[in-house]
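The values are calculated or read from the model by the stated rules, or taken from the named source; none is laboratory data. The shown structure was predicted, so the numbers you read here are calculated from the model rather than taken from an experiment. In this analysis, Cβ positions are derived from the backbone assuming ideal geometry, glycine residues included, and neighbour counts consider all displayed protein chains. The protein model used for the area step is the full one, side chains on, heavy atoms only, and it has no ligands, DNA or RNA in it. Shrake-Rupley method; radii C 1.70, N 1.55, O 1.52, S 1.80 Å.
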Amino acid sequence: MKRKSIALGLLLATATAALAHQGVQNPAVKARMDGMSAIAENMKTLGQMSKGATEFDAAVARSAAAAIAEHAAATPGLFEANETDPKSEARAKIWSNFEDFASKATELETIAIGFSTSITDPADLNAAMGALGANCKSCHSVYRE
C-alpha cells in the first residue's frame, strides 16, 4: 500500500509540474524545473513497473535510476543562485540552508547510483522505490511549496 501511495504521489507531482512550467519567465527557474521533472519522469517509470502497470524490465529500471542519479548530481548547481519566478515552488529555505539541501541531492545521487547497478528483479525495484521515494519526500517536505 505504501508503495502505491508513493507512486500515486509521484504521478500527481509530475502532472502538477507540467502545469507549473507553463509561463515560467526566468530561465534559471525553468532549468531547475526541467531537472526536477526529469527526476519525476524517471521515478514514474520505476513506479509504473513497481505497481505492475508496465512490465518489469531490469535494464529499463537501472537506466531510470542512472538518470535520476545524473539529475540529482546537477541539482545543487541548478539551485546555487537564488533565482525567483512566480511559478517557482522552491522555498527560500533552500538558500538559507543550502548545505542541507545539497546534501539531500547528493544522498539521492548516491542511492540512485547504487540502484542503477543492482536492480535485477521486482523486489530490488520495490526497495529502490522505497529508498528513492523517502529521499524525495525528505527534501520536498522542507524545500518545496
Tally of Lys pairs whose C-alpha atoms are under 29 Å apart, taken over the chain, 8 or more apart or cross-chain: 26
Part-to-part distance (alpha-carbon centres) for region 27-44 and region 45-113, which is given in Å: 8 Å
Consider the candidate values (i) 159; (ii) 119; (iii) 92; state which one is volume of the Cα convex hull per residue in Å³ computed from the structure displayed. (iii)
Over region 74-119, average the accessible area per residue using a 1.4 Å probe and give it in Å², no decimals. 56 Å²
Calculate, in nm to one decimal, what Ala134 and Ala66 gain on full extension: separation in residues at 0.36 nm each, minus their alpha carbon distance. 22.7 nm
Going by amide H atoms built from the backbone, whose H comes under 5 Å of the H on Arg144, apart from near neighbours? Arg91
For region 61-145, what is the largest minus smallest coordinate of the Cα atoms on each principal axis, given in angstrom and ordered from greatest to least? 42, 23, 20
Taking Cα pairs closer than 8 Å and at least 6 residues apart, the relative contact order of the chain in percent is 30 percent
Cα→Cβ-extended label distance, 7 Å offset, between Asp34 and Asn82, nm: 2.6 nm
